[in-house]
Amino acid sequence: MKENIFEQYAEEYDVWYEEHRFLYQSELDRVKRFLPSDTSRIIELGVGSGRFAVPLAIPSGMEPSIALGRMAYKRGIAIVRGRVEFLPVRQSSCQAVLLMFVICFLADPMVALQEIHRILVPGGFLVIGFIRRDEKSGIKENNNRKKGKFLAHARFYTCQEVAMLLESSGFHLKETDSRDEICIIRAEKR
Amino acid sequence: MKRELHDILCCPVCKGDLTLEVLEEDEREIITGSLTCAACNVVYPIEEGIPNLLPRNRDE
């Protein structure tokens, strides 16, 4: 059901980034600080229409939605259609993974993080960005926030919950940036 | 799909090797073809340059 929404409303999903340029740029700036200057060895999982991969010069991505994947492909990203929980990637074959605004859509984030851990080389790292649930007030109602109809199907986590999932999946947390509604964590494969 | 990508791809279900078959290729990449997991007996298509490796079993 979730994926049907992305197939059906792919254009609408993509145009959000045009309509919210300031917010989009601030997200790009924040995640960029977590990435090495050479991003050519990074794969973005749940790459969508390529709105992060393209400006961050990330050459390849995986995406379950064919409608979004085709957009990213047309923007020059090498696309594999696949799911994070069932990565079609060999063990210890990737230097780094980017996972932006994806964990909230996963049925089983623990399985997904274990899969990411499996494909990373020892010492490889994951950069994960997500809309965080506030410990006290829950997720803020904000119509300006990401892609209204898409987030109706999302499940939000606190930074602490994601940190615990990462630790339980074999990652060591290296750096966290938690401001406004967004948290970005860089975690290294132990 | 670039040929070198085949080196890191595996079956999404059993994680075994995939056999590449190329039907159409240009100077940049494979346009049409397939990736087959013999262990699962599943053929994953490559269409318009994009391999479809969504998990499936043989009956799907």
Got a sec? Which of A:116, A:131, A:139 is of a type in the set (Val, Ile, Thr), modelled with pLDDT of 95 or more and under 30 Å from residue A:15 (Cα atoms)?
A:116
Those residues of the stretch B:37-59 that are buried (at least 18 other Cβ atoms within 10 Å of the Cβ), part of a strand (DSSP E or B) and in contact with a Leu (Cβ under 8 Å, 6 or more places away or on another chain) come to a total of 4
Within the stretch A:107-132, residues being touching a residue at least 24 places away in the same chain (Cβ under 8 Å) and either part of a loop (DSSP other than H, G, I, E, B) or among the acidic types (Asp, Glu) (or both) number 1
Looking at A:81, A:70, A:90, which one is under 23 Å from residue A:51 (Cα atoms) and surrounded by fewer than 21 Cβ atoms within 10 Å (Cβ to Cβ)?
A:70
Filter result for the condition that a residue is away from every other protein chain (no Cβ under 13 Å) and not in a strand (DSSP E or B), over B:4, B:21, B:27:
B:27
Counting just the residues of the stretch B:17-36 that are of a type in the set (A, V, I, L, M, F, W, C) and surrounded by 14 or more Cβ atoms within 10 Å (Cβ to Cβ), which one comes out nearest to residue B:2 (Cα to Cα)?
B:30
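The values are calculated or read from the model by the stated rules, or taken from the named source; none is laboratory data. None of the values given here were measured: they were computed from a predicted structure. Cβ coordinates were reconstructed from backbone atoms using ideal geometry, including for glycine residues, and neighbour counts include every protein chain displayed.
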